Amino acid sequence: MNISEKTINNYTIISLKGILNASSAPKLKTYIAGMPDEQSLVIDLENVEFLDSSGLGALVGIARKKRTSRAVMKLARMNERVKKVFEITQAYTLFDIYDDVSAAAEV
Amino acid sequence: MKTLLVIKKQEYEWLIDLLPGVHPLLVPICNKPFIEFLVDFAILAGSDALRIVSDGVLGSVEHYCENGSRWGVEISYGSMRPADDIYTVIEKNRRFCLEERVIIISGFLFIRYNKKSEYASLFTSLPSGELLSCPHGSISLTGTSTTKTETPGTLPFSLAALDSIGKYYELSMEILRTGLTHYVIPGYSSEEDCYIGRNVIIQKSAEIIKPVIIGNNVQIMTNSIIDSNSVIGNNVIIDRESFISGSIVIGNTYIGEHLEVKNKIAAGNLLIDPESGTSIVMEDPHLLTAMTQSRVAGALLRRVVHALGATFLILLLLLPWLLLRPILGLQGKWKRKREQYFTRLPGKNVTLTNTTIECTGVLSALAKALSLDRFTLLFKVLSGKLALIGNQPLPVNPAIPLLPNTHAVYRPAVFSYAEAEEWPEIGIDTEIVEHYYAVHSDPLKDIAMTQKALFYRTH
Amino acid sequence: MNPIITLTLQANLRYVRIASIMACNVAEIFADFTCNSTDIAEFCHAYELSVSEAFTNSVRYAKPSQPEKQVTIRFSSDNSSLAVSIIDTNSQFNPVTQAPDISNYPEGGYGLFLIHRLMDTVSYTREDGTNILTMTKQATITHDT
């Protein structure tokens with residue numbers, strides 16, 4: 001999995017590319033842990049080909065951390081395959097989900 | 001043009017309890033799933049894409065509508081948080097809303113429209129902003145119009161919020177009576193107020209009165225009557241000699257023999273009264289059939305149990321009755337009326353003393369709470385003329401000398417099953433409850449039901 | 001059920017993708033003969049995801065005392081359904097699962113729940129010290145009309 005980063009407004013946009021599963025989730029966690037806790041995030045999921053519950057768990061873990069440090073974490077551009085996992089687990093109720101990165105990085 | 005549909009779970013949740021097993025957005029209105037009316041409207045308004053956004057589970061809606069290729073419109077789905085306002089939802093769907101005019105329908109709303117009206121050009125020319133609103137939602141438009149026109153005084157569509165089962169019923173009846181030509185209704189129709197689905201079997205002796213909508217795979221058995229203003233869903237059986245009037249029978253429902261369903265919504269094992277929203281649960285789809293009961297042993301045992309129960313109650317209530325009866329009699333609060341009632345046997349009637357206690361004062365309240373008004377009737381149980389619990393005795397009507405045959409199982413009794421179930425209304429509802437228990441009772445259950453009746457009558 | 005293919009991998013999370021890609025491919029080959037073209041993607045995704053979950057669980061619960069542990073993925077089929085079994089030598093587990101309480105932001109515990117929701121049948125047996133979790137799904141997806 002590839003992780004790339006850019007900044008829009010006060011948000012760090014994390015773009016993920018590839019597979020987010022049990023073998024790659026630790027990489028994402030370590031990457032996020034390297035940033036200040038109070039940094040608000042938008043995670044762009046457009047190029048995530050595959051996500052399983054370990055990947056979902058990593059995202060939920062980040063969301064919880066951001067919540068306790070009063071930062072914002074949003075998700076953007078979820079594709080159908082990724083959406084399916086969020087739908088079955090009802091994890092979509094925990095996130096603000098945008099279909100556009102720049103819209104997510106406003107407000 | 002695109003359409004964004006925003007429906008919060010909180011707005012449709014009430015319907016889940018009433019019609020379980022079907023997603024509220026797929027609940028049929030005149031045999032057409034609710035969401036399809038909105039899809040049709042979006043298409044009429046010139047939309048090539050539709051997005052359904054909700055904070056609730058959309059799985060089954062997605063499964064049903066898929067990507068919309070069936071209607072030639074691109075359907076997608078989005079999620080939101082319960083607290084999001086409409087502006088946040090638009091932001092969350094910015095890519096979808098970008099560059100085009102978007103009709104935003106917010107709320108669990110039915111849009112009344114007429115398929116013959118011209119909506120596509122209307123929506124391109126209308127100015128942006130809120131077009132219509134009602135307490136439970138609104139319809140608005142974003143983007144700039146290509147041609148400048150003023151909003152016409154009346155728009156050729158209106159909103160109806162779906163916020164109660166009563167509204168749902170009213171709306172269905174409204175469409176059935178006056179709006180069938182305004183919408184695309186499933187089924188074959190050679191007349192404008194009669195739609196019949198595929199694979200429908202109607203027995204020769206059955207009678208069907210317009211306006212009516214009948215779904216697919218429906219069987220209407222001998223001598224049944226489908227009276228006007230009825231909607232029969234898919235995979236429904238209306239068994240022999242039943243009468244359906246002003247009612248909605250939701251798909252996959254079985255209506256047993258000799259039943260009268262009037263102004264109700266029947267759904268699977270539920271019978272819902274649209275006015276009060278009360279519903280009774282029926283144990284299995286066959287419960288309303290008139291089953292033949294094993295008479296001999298069962299009847300004897302029942303009689304013994306009922307007699308024992310009555311003896312017990314007589315012993316228990318004798319002292320209060322001896323004390324309260326003379327006092328209330330002197331106060332003039334103890335009123336008696338002798339009337340003829342039907343018994344189980346055709347042609348044989350029984351004379352019963354119908355006691356009413358005027359409910360003023362502590363003593364009469366106490367007497368009522370103890371069911372002393374039924375005290376003398378208990379002796380009829382010992383003589384076998386009445387059961388302890390069963391149907392409410394039917395008074396003999398000189399005009400109809402025979403017991404109406406809707407009462408396949410009729411057992412006149414001191415207490416009725418309907419009282420035990422605290423069923424609020426009289427009439428057909430009571431009859432259904434009584435019929436159900438009459439078919440499904442056994443002596444042990446009868447004792448429990450008698451206790452329930454005694455308890456509920458005190459309240 | 002006729003066996004199709006069996007793959008044994010070292011119990012290491014590094015190989016979870018191999019297992020799930022294979023599941024996806026086997027499902028696609030199988031579905032090509034049985035499914036409507038529109039349903040194939042969903043059918044394959046269910047296998048890709050379920051095997052990913054089951055393999056991950058098998059690796060996670062592997063006993064550290066056995067470093068040379070392996071997990072076997074076995075596919076078999078009949079005319080209309082494809083079965084995949086995940087076989088490991090871990091200690092016995094309880095395959096019954098309930099929906100995770102999402103409001104507590106749980107980081108795990110979704111795996112078996114997802115499998116149950118994605119597949120038609122999920123069965124668990126314990127034979128001679130091995131766990132066998134078998135998941136099947138009907139290929140022809142019928143729609144109610």
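Quick notes on this one:
- Residues being more than 7 Å from chain C (Cβ to nearest Cβ), assigned to a helix (DSSP H, G or I) and either among the hydrophobic types (A, V, I, L, M, F, W, C) or farther than 14 Å from residue A:12 by Cβ (or both) - total across segment A:66-83: 5
Each row is one residue, and each column tells you yes or no for (1) more than 15 Å from the chain's Cα centre (by Cα); (2) more than 30 Å from residue A:64 (Cα to Cα); (3) surrounded by 15 or more Cβ atoms within 10 Å (Cβ to Cβ).
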residue: C:61; (1), (2), (3): yes, no, no
residue: C:69; (1), (2), (3): yes, yes, yes
residue: C:74; (1), (2), (3): no, yes, yes
residue: C:79; (1), (2), (3): yes, yes, no
residue: C:82; (1), (2), (3): no, yes, yes
residue: C:89; (1), (2), (3): yes, yes, yes
residue: C:99; (1), (2), (3): yes, no, no
residue: C:102; (1), (2), (3): yes, no, yes
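- Within segment C:58-80, being farther than 30 Å from residue C:31 by Cα and within 14 Å of another protein chain (Cβ to nearest Cβ) holds for C:60, C:61, C:62.
- Neighbours by Cβ (under 8 Å, 6+ apart or cross-chain): first from segment B:81-101, within 11 Å of residue B:142 (Cβ to Cβ) and more than 9 Å from chain A (Cβ to nearest Cβ); second hydroxyl-bearing (Ser, Thr, Tyr) and part of a loop (DSSP other than H, G, I, E, B): B:101/B:128; B:101/B:144; B:101/B:145
- Applying the set (1) of a type outside the set (Asp, Glu); (2) free of Cβ contacts under 8 Å to residues at least 60 places away in the same chain; (3) within 22 Å of residue A:87 (Cβ to Cβ); (4) buried (at least 19 other Cβ atoms within 10 Å of the Cβ) to residue A:47 leaves exactly one unmet item: (4).
- Summed over segment C:96-130, the residues that are more than 9 Å from every other protein chain (Cβ to nearest Cβ) and in a loop (DSSP other than H, G, I, E, B) give a count of 8.
- Looking across segment A:69-106 at every residue that is among the aromatic types (Phe, Trp, Tyr) and touching a residue at least 12 places away in the same chain (Cβ under 8 Å), the one that is farthest from residue A:35 (Cα to Cα) is identified as A:86.
- Unmet requirement for residue B:134, which otherwise passes all of (1) within 28 Å of residue B:83 (Cβ to Cβ); (2) modelled with pLDDT under 90: (2)
For (1) among the basic types (Lys, Arg); (2) out of contact with any Gly (no Cβ under 7 Å at 6 or more places or on another chain); (3) modelled with pLDDT under 95, each residue gets a yes or a no:
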site: A:4; (1), (2), (3): no, yes, no
site: A:10; (1), (2), (3): no, yes, yes
site: A:17; (1), (2), (3): yes, yes, no
site: A:20; (1), (2), (3): no, no, no
site: A:28; (1), (2), (3): no, yes, no
site: A:37; (1), (2), (3): no, yes, yes
site: A:44; (1), (2), (3): no, yes, no
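- Single match in B:205, B:172 (criterion: out of contact with any Leu (no Cβ under 8 Å at 6 or more places or on another chain), under 30 Å from residue B:223 (Cβ atoms) and assigned by TED's automatic domain parsing to the domain that holds residue B:264): B:205
- Of the residues making up segment A:90-103, just one is in a helix (DSSP H, G or I), of a type in the set (A, V, I, L, M) and at the interface with chain B (Cβ under 8 Å from one of its Cβ atoms), namely A:103.
The values are calculated or read from the model by the stated rules, or taken from the named source; none is laboratory data. For clarity, every value in this text was computed on a predicted model and none was experimentally measured. Neighbour counts are summed over all protein chains in view; Cβ atoms, including those assigned to glycine, are modelled from backbone coordinates with ideal geometry.
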